[in-house]
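The values are calculated or read from the model by the stated rules, or taken from the named source; none is laboratory data. Predicted model only: the values in this text are computed from it and were never measured. Cβ: placed from backbone, ideal geometry, glycine included. Neighbour counts: every protein chain shown.
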Amino acid sequence: MRVLKPFDYFEPTSVKEAVKLLSTHGDKAQLLAGGVDLIPRMRKGAIKAAFLINIQNIPELDYINNGKGFKFGAMARLHSLETAKEIQKSYPILYEAIHQITSVQTKYMGTAVGNICVGTPASDVATVLMALDAELTIAGAKGDRTEPMAKFYVDYLKTSLKPDEMVTGVSLPNPTAGMGTAFLNLVRTHADIAKVTVAAALTVENNVCKEARITIGAAAPTIFRASKAEALLKGQKVDSQIINKAAETAAGETRPITDLRSTAEYRKEVTRVLVSRALEKALERAKG
Amino acid sequence: MKKEIATFNVNSRSYDVIITPNMTLSELLREKLDLTGTKYACGVGECGACTVLVDGKPVLSCSTLAIAVRNKNILTIEGLANGTNLHPIQQAFIDHGAMQCGFCTPGMIMMTKALLDENPNPTREEVKEGIGGNLCRCTGYVKIIDAVMAVAETMKKGGK
């Protein structure tokens, strides 16, 4: 059994205290939320942490609430989000992405914000949150800021977070009238991460696309918005022809790799198929 | 790295243990408290063999730091039976032959406890989803699911 390398451990009880620790220990520190990704990767030696800052005892991070938009904190567990009625009703693709995670233990332990901050392109939950136009609230030594998820990812496992910053919460805008959403992924088995993940949010009025967001996971170094495909749809009458064209465009925007799960060529082709199906499904849901 | 004496409540008993922050909950249970019913297998949270309950919620003890759960209520497979009387879930697993090598069994049973505490009346599909994070390498799942469905029925009738 491999043991974890030694580290100094902190248990702050406020965001202020956590940020102070981050600004002192900088990039040698790791934040511990659910631990489902961090602890195994520390055991493998893939992450080295001289300092570990456990944020589980910060009450102000553990909330889910619904007011103007929908907000949840960095310590909101996936299981709490999955069982929140408001999410099931207003953000069905977020429910679907969490529900299909097979390990119940992971959902009791893990958090959506942890999922986002790992920075893996293969996060279904983060792909869906980007399609829902999520905005992150970030606390840091120089003050608080917000950042749309679409701008959060810089490169593979790299986010825009500075060493003294942490994500404290996520806000989702209210679903607009005429918006339909869809989430699809292709997996060998649901216990595995996806070969390709796609989420779409389509706002349609009189069959004309008012707004389209298409996000793609596991087909580039980061999760990204297929902005060319989105631009193609906007202002157009939505039919199979334009959906197919958008799907082809989205596939062209991927930069996939070949690994044990799929070849790059396959990922590109599957992106085309999934985007097309996701748009059809979102359109159907938009029509109610 | 600092050593410290921490208090752990395991199976309604209090233990004071000298720990370092890098000790996981599975190491604490198995190596410091000699509670070897909790199994360590994959070490990366894929298999569920190390599942225990912390404040009633199922967690992977291989991916949980011991220091993070001090003063919380930890329940392991050893804490389920009442003296020599097996817990109904344990009895159902025996009655239905829901184990072969037995390595996944403690994790399966603890996950079943969490599942039935939250949903005492699960459908077969809900049981499958409930144990989705627990891998069995030999028996397969049919008898395990049979056992969980049967014990849900027994416990609903107040049977022990």
- Message: Looking at A:Pro256, A:Pro221, can you tell me which residue is within 27 Å of A:Cys117 (Cβ to Cβ), surrounded by fewer than 22 Cβ atoms within 10 Å (Cβ to Cβ) and not basic (Lys, Arg)?
- Response: A:Pro221
- Hey, could you check region B:120-139 for residues that are away from chain A (no Cβ under 11 Å) and either in contact (Cβ under 8 Å) with a residue 40 or more places away in the chain or assigned to a loop (DSSP other than H, G, I, E, B) (or both) and say which is nearest to the chain's Cα centre (by Cα)? B:Cys136
- A:Gly67 meets each of (1) closer than 23 Å to A:Glu165 by Cβ; (2) at pLDDT below 95; (3) over 18 Å from the mean Cα position of the chain (by Cα) with one exception, condition (1)
- Tally time: how many residues in region B:66-106 are within 14 Å of chain A (Cβ to nearest Cβ), within 15 Å of the chain's Cα centre (by Cα) and either assigned to a helix (DSSP H, G or I) or modelled with pLDDT under 95 (or both)? 1
- Item | Number of the condition not met by B:Val44 [criteria: (1) facing chain A (nearest Cβ under 10 Å); (2) of a type in the set (A, V, I, L, M); (3) under 18 Å from A:Pro6 (Cβ atoms)] | (3)
- Item | Filter result for A:Leu78 (within 26 Å of A:Thr146 (Cα to Cα), in contact (Cβ under 8 Å) with a residue 40 or more places away in the chain, more than 9 Å from chain B (Cβ to nearest Cβ) and crowded, with 16+ Cβ neighbours inside 10 Å) | yes
- Item | Candidate set from region B:55-65 (those that are more than 8 Å from every other protein chain (Cβ to nearest Cβ) and surrounded by fewer than 19 Cβ atoms within 10 Å (Cβ to Cβ)); member that is farthest from A:Gln56 (Cα to Cα) | B:Gly56
- Query: Is it the case that A:Lys48 is more than 25 Å from A:Lys158 (Cβ to Cβ), more than 8 Å from every other protein chain (Cβ to nearest Cβ) and among the basic types (Lys, Arg)?
  - Reply: no
- Message: If a residue must be farther than 13 Å from A:Thr271 by Cα and out of contact with any Leu (no Cβ under 9 Å at 6 or more places or on another chain), how many such residues does region A:224-238 contain?
- Response: 9
- Tell me the strands (runs of 3 or more DSSP E) entirely within region A:165-255 that contain at least 2 residues that are among the polar types (S, T, N, Q). A:166-172, A:179-186, A:196-205
- Item | Condition check for A:Ala212: buried (at least 21 other Cβ atoms within 10 Å of the Cβ), touching a Ser or Thr at 6+ places or on another chain (Cβ under 9 Å), outside the structural domain of A:Thr111 (by TED's automatic domain parsing) and over 19 Å from A:Ile116 (Cα atoms) | yes
- Does region A:156-178 contain at least one residue that is touching a Pro at 6+ places or on another chain (Cβ under 8 Å) and buried (at least 19 other Cβ atoms within 10 Å of the Cβ)? no
- The one condition A:Ala49 fails out of (1) out of contact with any strand residue (DSSP E or B) (no Cβ under 6 Å at 6 or more places or on another chain); (2) more than 12 Å from A:Thr111 (Cβ to Cβ); (3) in contact (Cβ under 8 Å) with a residue 12 or more places away in the chain is (1)
- Query: Name the residues in region B:16-56 that are of a type in the set (D, E, K, R) and part of a loop (DSSP other than H, G, I, E, B), would you?
  - Reply: B:Asp34, B:Lys39, B:Glu46, B:Asp55
- Task: Of the conditions (1) within 22 Å of B:Gly102 (Cβ to Cβ); (2) more than 9 Å from every other protein chain (Cβ to nearest Cβ), B:Thr51 clears all except one; give me its number.
- Result: (2)
- Go through region A:233-252 and give me each residue that's buried (at least 21 other Cβ atoms within 10 Å of the Cβ), out of contact with any Cys (no Cβ under 6 Å at 6 or more places or on another chain) and not β-branched (Val, Ile, Thr). A:Ala246, A:Ala247, A:Ala250, A:Ala251
- Scanning region A:37-57 for residues that are more than 14 Å from B:Pro21 (Cα to Cα) and within 22 Å of the chain's Cα centre (by Cα), the one surrounded by the fewest Cβ atoms within 10 Å (Cβ to Cβ) turns out to be A:Ala46
- Item | Only one of A:Arg272, A:Arg267 that is within 20 Å of A:Val128 (Cβ to Cβ), in a helix (DSSP H, G or I) and in contact with a helix residue (DSSP H, G or I) (Cβ under 8 Å, 6 or more places away or on another chain) | A:Arg272
- Scan of region A:58-75 for residues that are in a loop (DSSP other than H, G, I, E, B) and surrounded by fewer than 17 Cβ atoms within 10 Å (Cβ to Cβ), ordered by number: A:Tyr63, A:Lys68
- Just one of A:Thr120, A:Thr83 is out of contact with any helix residue (DSSP H, G or I) (no Cβ under 7 Å at 6 or more places or on another chain) and within 14 Å of another protein chain (Cβ to nearest Cβ); which is it? A:Thr83
- Message: Please determine whether any residue of region A:19-29 is away from chain B (no Cβ under 11 Å), surrounded by 19 or more Cβ atoms within 10 Å (Cβ to Cβ) and under 21 Å from B:Lys72 (Cβ atoms).
- Response: no
- Message: Among the residues that make up region B:18-34, is at least one of them surrounded by fewer than 20 Cβ atoms within 10 Å (Cβ to Cβ), within 11 Å of chain A (Cβ to nearest Cβ) and farther than 23 Å from A:Asn57 by Cβ?
- Response: yes
